Amino acid sequence: MITDTLTNTLDLIEQNQKDYSTAYDCIEAELNCLKDHISIVLKYLDPLTVDDLNISLPKTLKEAKRSMYLYR
């Protein structure tokens with residue numbers, strides 16, 4: 001349920017960025033950061049691959065972020 005909501009939120013952000021790019025240009029960096037954080041949470045809550053599982057295993061946010069960037 002939480003993962004569905006986060007996935008839908010991520011899709012809406014991306015769609016709005018495409019549809020209204022001019023309106024969202026001023027906060028593009030913040031939206032991209034938010035999308036990265038949502039992706040980390042999704043991979044933590046519902047790992048789909050071995051790489052995602054490696055993200056869900058660390059105990060701290062710093063370790064999770066480091067794991068995510070190692071497996072991109």
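No value in this document is a laboratory result; all are computed from the given coordinates. Bear in mind the structure is a predicted one, so any value in this text is a computation, not a measurement. Virtual Cβ from ideal backbone geometry, glycine too; neighbours counted across all protein chains shown.
Some notes on this structure:
- Difference of contour (0.36 nm per residue) and Cα-Cα distance, residue 26 to residue 4: 5.1 nm
- Counting every other Cβ atom within 10 Å of each residue's Cβ, 20, 44 order from fewest to most as 20, 44.
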